[in-house]
Amino acid sequence: MLALLLAGGIAYLLLGDLAEALILLAFATFSVAVTVIQETRTEHVLEALRDLSAPRALVIRDGGRIRIAGRDVVRDDLIVLEQGDRVAADAVLIEAADLQTDESLLTGESLPVGKIVAEPGGANGLDHPGGEGRPYVYSGSLVVRGSGIARVVATGPQTEIGRIGQSLASLKTEAPRLRRETTRTVTWCAIGGSAVALLVVLLFGLLRGGWVEAILAGIAIGMSMLPEEFPVVLTVFLAMGAWRIGKAGVLTRRAAAIETLGSATILCTDKTGTLTENRMSVAALWLPTGDTVTVDSNIPELYHGLIETAALASAIEPADPMEIALHDARNAAGAFNRPRAAMAHAYALRPELLAMSNIWDDGNALTIAAKGAPEAIAGLCRLSPQQFAAMTNAVEAMATRGIRVLAVATASARNRDWAESQRDYDYALTGLVGLADPLRAGVANAVAECRRAGIRVVMITGDYAATARSIAEQAGLADGDVLTGADLASLDQAQLGERLKVVSVFARIMPEQKLRIVQAFKADGEIVAMTGDGVNDAPSLKAAHIGIAMGKRGTDVAREASAMVLLEDDFGSIVQSVRLGRRIYDNIRKAMAFIFAVHVPIAGLALLPLFLGLPILFGPIHIALLEMVIDPVCALVFEAEREEPDIMQRRPRDPGEGLFSLPMIAWSVFQGGLAFSMLATTFLVETWSGMPEIEVRALTFFALIAEMMALILVNRSFSPWLGDALVRHNAALRYVAAAITAVTALILFLPSAQALLKFGSIVWGDMALAVGLGVCLLLLLEACKTVARRLMGQIVPILGRSRSTVQ
């Protein structure tokens, strides 16, 4: 379009029309300015999204722990490393507990390597990555096990990865399928428009003479047939869509997820922190003697030892909500006057043993405090069948109330020759601690909204089946079966596929089993959205069509594997994203339908005089002026359109449905064809009745403006109700309409503007005719929406009823 505007300006210069040449060049400048502004706005949005999606670091500054962007880490910062973190800088370890990192990004070695604490004053420089038993961690590596604290010695380009110059992650700014479709369509339109324009130049020059005029006619035809707005719509809508979804608390890391959101049929969600508030509190306690208590406020003295042991089995400075609740309960119960002790050793939670132990040294004895899954602690304590049955009954009683249960045990260590595994100590069961995590407000309504939208919600959790079912009932998910991880492991792929159809809750699921669940849903033809937060969740997040990581408790690995990040870990934000994703895709289709429709009468009026041997109606300057209307309409008005009333009552959109479907193109061409027929009739009747050429041009131009407004109003809503077209709120439309009215008034009342555009004066009766044509087109097309829906079922997607409507 820019090239055509510049060519037109040069042609007018050759003809000596300096004013028209300058106007075309001004339009070209305006076109460039609009593009630059749009792209700058888009890049600012994307840059903000990149800032949010950048790796984070937990650092110790001024005695407190704060989480900052990875790029803000500086030399000599103390960074806290936990399982699942991506290391933000090259650093030397000053504390480490069973710490292992994956340095494959730097070394190519796939196995993680163990880390040790540096000797005092002996490790200020850095060694090369790789190898066991070294005190260094490197930027870009992943903490796959354990924890530690390290002092930063190099950042940015001074790090190992900085010297390699390897970029870790980038945000894709376009949806691949939409980009391919748009590129293909624009290419064919450009080829067709160029061929027609060249033919017009040849025929005009050969039959009428005047090759410069022929070039101007060809430029006008090319401008009228080139849908250059398609790429603008795609880029702006997806970028602004990501920004709108970000305001709802969801970071879009890959714009393709916006397109896929409207197709999601299965939403696999975690329980803790997503459906629930992730704000644990001690709710019940049980002792092996059979004593049990429901905790409301104060904890009876009989249970102080149980709470003390559970707190000692937790991190010293807890981040996990359950451990925070245990520390809070210990503090609320008061001091126990125990000797001051220091942690001597720790055993981390591992997939093969869901328990963790801390060994404390008070100067007299080495005491072990352990907590974990009841079945894991039962194994460590080697309970008798009777003891195990009693504990299991207590666990089930708590679980049926939606309470999450941890078992607590103690043991003694003979010396500091630490055993290789927790299983090598003799544990005694201390009791059970039940922790409650209330359901988030609004979750039940959000789940119900998903159902109305044809999206099935399933819960995948590591909790007990009874606990999971209780939360599922509160959330409105309890209309299906519960499948445990043990049962899932015994099913082959075909059996799992059959069970998936009736299961709504997956309980006691190991992270690696999530991948199998996702793959099974995909094999059944479902479009899967999946939430996750841990290192082991990354494969399932990557495999899902829409991977959604937790922003607060999610690891960097999970965030990088995901397409979206929940900034507040709130399930309601996912549902809001689906709503916004459907709205964005709807608005893209509305804008594309308008672009197809509006180019039909413009191209038709540019070609018609040539075929009938009449004077050229519109030149490049007129087409350029019309494009100055179309561009902001596409980029501003349709992007800001509100959602359809039934947007969450439709079934998910068929992912195979093309953006430029035949029904959509047919509906758009019909709109444009009807507009063209009305304008062509007016043009021919007035011409043959003797109206001067400059007056016919003015009348037809204003009538075209009125019909363009009618096409905007028709396409801004899928509903056939006229009220939606006229009174539906859209501030951008008001501004654009006001600007169009102001420009029209200037042309009407400024003789110099009329002379520049080669317009004659137009009487009020003709102006009323022009406006009347627009009103008539609006009424006819609004009526045709209902007729089209009845006559052609395929047109349903265009009119906002993707696949079918949920009853």
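The values are calculated or read from the model by the stated rules, or taken from the named source; none is laboratory data. Quick caveat, the model's predicted, so the values are computed rather than measured. With ideal geometry, Cβ positions are generated from the backbone for all residues, glycine too; neighbour counts draw on all protein chains shown. All accessible areas refer to the heavy atoms of the entire protein, side chains included, with ligands and DNA or RNA removed. Shrake-Rupley method; radii C 1.70, N 1.55, O 1.52, S 1.80 Å.
Brief remarks follow.
- Residues that are modelled with pLDDT of 90 or more and of a type outside the set (Phe, Trp, Tyr) were ranked within the range 285-299; the one that is surrounded by the most Cβ atoms within 10 Å (Cβ to Cβ) is LEU285.
- Residue among ARG65, ARG50, ARG71 that is modelled with pLDDT under 65, outside any loop (DSSP other than H, G, I, E, B) and open to solvent by 30 Å² or more (accessible area, probe 1.4 Å): ARG50
- Looking across the range 426-457, the residues that are out of contact with any Pro (no Cβ under 6 Å at 6 or more places or on another chain), at pLDDT 95 or above and open to solvent by 10 Å² or more (accessible area, probe 1.4 Å) come down to TYR427, ALA428, THR430.
- Matching residues in the range 575-625 - criterion: being open to solvent by 20 Å² or more (accessible area, probe 1.4 Å) and over 30 Å from VAL443 (Cα atoms): PHE596, VAL600, LEU607, LEU608, LEU610, PHE611, LEU612, GLY613, LEU614, PRO615, ILE616, LEU625
- Among residues of the range 315-334 that are over 17 Å from ILE299 (Cα atoms), those with a beta-carbon under 7 Å from a residue that is among the basic types (Lys, Arg) and surrounded by fewer than 18 Cβ atoms within 10 Å (Cβ to Cβ) at least six positions away or on a different chain give the pairs PRO321/ARG279.
- Answer residue from the range 654-664, given it is assigned to a helix (DSSP H, G or I) and either open to solvent by 20 Å² or more (accessible area, probe 1.4 Å) or not hydrophobic (A, V, I, L, M, F, W, C) (or both) and is nearest to SER719 (Cα to Cα) among those: PRO663
- Any hit, the range 83-105, residues being in a helix (DSSP H, G or I), at pLDDT below 80 and in contact with a Gly (Cβ under 7 Å, 6 or more places away or on another chain): yes
- Reported count of residues in the range 544-567, each being open to solvent by less than 20 Å² (accessible area, probe 1.4 Å), more than 20 Å from THR272 (Cβ to Cβ) and modelled with pLDDT of 85 or more, is 1.
- Among the residues making up the range 740-759, those that are within 17 Å of ALA703 (Cα to Cα) and open to solvent by less than 70 Å² (accessible area, probe 1.4 Å) are ILE740, ALA742, VAL743, THR744, ALA745, ILE747, LEU748, GLN754, LEU757, PHE759.
- Number of the condition not met by ALA369 [criteria: (1) in contact with a Leu (Cβ under 9 Å, 6 or more places away or on another chain); (2) surrounded by fewer than 21 Cβ atoms within 10 Å (Cβ to Cβ); (3) closer than 18 Å to ALA313 by Cα]: (2)
- Annotation for the range 473-491: at least one member residue is open to solvent by less than 10 Å² (accessible area, probe 1.4 Å), of a type outside the set (A, V, I, L, M) and without any contact (Cβ under 8 Å) to a residue 40 or more places away in the chain.
- Any hit, the range 524-540, residues being without any contact (Cβ under 8 Å) to a residue 24 or more places away in the chain, open to solvent by less than 50 Å² (accessible area, probe 1.4 Å) and within 20 Å of the chain's Cα centre (by Cα): yes
- Contacts under 8 angstrom Cβ, first residue in the range 354-377 being closer than 14 Å to ASP426 by Cα, partner among the charged types (D, E, K, R) and not in a strand (DSSP E or B), 6 or more apart: LEU366/ARG414; LEU366/ARG416
- Test: residue in the range 642-653 that is in a loop (DSSP other than H, G, I, E, B), in contact with a helix residue (DSSP H, G or I) (Cβ under 8 Å, 6 or more places away or on another chain), of a type in the set (Asp, Glu) and surrounded by fewer than 21 Cβ atoms within 10 Å (Cβ to Cβ): yes
- Meets criteria (touching a Phe, Trp or Tyr at 6+ places or on another chain (Cβ under 6 Å), without any contact (Cβ under 8 Å) to a residue 60 or more places away in the chain, open to solvent by less than 10 Å² (accessible area, probe 1.4 Å) and not charged (D, E, K, R)) for LEU496: no
- Restricting attention to the range 660-685, the residues that are in contact with an Asp or Glu (Cβ under 8 Å, 6 or more places away or on another chain) and more than 25 Å from ARG728 (Cα to Cα) total 3.
- Among the residues of the range 347-369, not a single one is among the hydrophobic types (A, V, I, L, M, F, W, C) and either at positive phi or assigned to a helix (DSSP H, G or I) (or both).
Yes/no per residue for (1) under 17 Å from ALA242 (Cα atoms); (2) charged (D, E, K, R):
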residue: SER573; (1), (2): yes, no
residue: ARG583; (1), (2): yes, yes
residue: ILE595; (1), (2): no, no
residue: HIS599; (1), (2): no, no
residue: ALA603; (1), (2): no, no
residue: ALA606; (1), (2): no, no
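- Checking SER677, SER668 one by one, the residue that is more than 17 Å from TRP764 (Cβ to Cβ), open to solvent by less than 30 Å² (accessible area, probe 1.4 Å) and hydroxyl-bearing (Ser, Thr, Tyr) is SER668 and no other.
- Positions within the range 680-706 being of a type in the set (Phe, Trp, Tyr) and buried (at least 19 other Cβ atoms within 10 Å of the Cβ), in sequence order: PHE683, PHE701, PHE702
- Filtered residues of the range 578-592 (kept if within 17 Å of ALA239 (Cβ to Cβ) and of a type in the set (Val, Ile, Thr)): ILE584, ILE588
- Residue in the range 300-313 that is under 30 Å from PRO511 (Cα atoms), among the hydroxyl-bearing types (Ser, Thr, Tyr) and touching a helix residue (DSSP H, G or I) at 6+ places or on another chain (Cβ under 9 Å) present: no
- Residue in the range 318-340 that is at pLDDT 85 or above, in a helix (DSSP H, G or I), open to solvent by 20 Å² or more (accessible area, probe 1.4 Å) and of a type in the set (Val, Ile, Thr) present: yes
- The range 730-756 residues that are under 13 Å from VAL637 (Cα atoms), paired with ones that are modelled with pLDDT under 85 and open to solvent by 40 Å² or more (accessible area, probe 1.4 Å) (beta carbon under 8 Å, 6 or more apart): ALA732/LEU636; TYR735/LEU636; VAL736/LEU636
- Among the candidates LEU617, LEU636, LEU626, the residue that is assigned to a loop (DSSP other than H, G, I, E, B) and under 21 Å from THR744 (Cβ atoms) is uniquely LEU617.
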